[in-house]
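These notes concern the structure reproduced below.
The values are calculated or read from the model by the stated rules, or taken from the named source; none is laboratory data. The shown structure was predicted, so the numbers you read here are calculated from the model rather than taken from an experiment. A quick note on method: Cβ atoms are made from the backbone with ideal geometry, for glycine too, and the neighbour counts reach across all protein chains shown. The accessibility values were calculated without ligands, DNA or RNA, using every heavy atom of the protein model including side chains. Shrake-Rupley method; radii C 1.70, N 1.55, O 1.52, S 1.80 Å.
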Amino acid sequence: MICDRVTGIQNGTNPYFVKELETGYVVIGDHQYFRGYTLFLAKKHVRELHDLPIAIRQKHLAEMAIVSEAVAQAFSAEKMNIESLGNGDAHLHWDLFPRYAGDLGHHGQNGK
Ligand SMILES: [Zn+2]
């Protein structure tokens, strides 16, 4: 799925594509249960952050932080929630969720 999204960016067919950075692509989430939900997809197909060569790894983390800052500012987040999951989808990516006061109450106990 993440591989497909990356391929879609590279051939110009991913409507969620926002921005290319050196080590990854920024895409807006295809659901917006949390307003501003954004993903940062690694360009390299690796399973884990530690699978990236060290120089690319450092750059990738730094760029992920830049994406987080941009999303926080664009959506006036009170807190960013960031996770790298993908148990069934082994292409390194980051889910970035801007969070707002009171949104837990709106979304119940489901955590995110
Ligand atoms: Zn992939």
Flag if Ile28 is of a type in the set (A, V, I, L, M), at pLDDT 95 or above and touching a Phe, Trp or Tyr at 6+ places or on another chain (Cβ under 6 Å): yes
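If you take the residues of the stretch 2-44 that are of a type in the set (Ser, Thr, Tyr) and open to solvent by less than 80 Å² (accessible area, probe 1.4 Å), which of them is farthest from the ligand (Cβ to nearest atom)?
Here the residue is Tyr37.
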For the stretch 45-60, how many residues meet the condition of being part of a loop (DSSP other than H, G, I, E, B) and either open to solvent by 40 Å² or more (accessible area, probe 1.4 Å) or farther than 17 Å from His91 by Cβ (or both)? 4
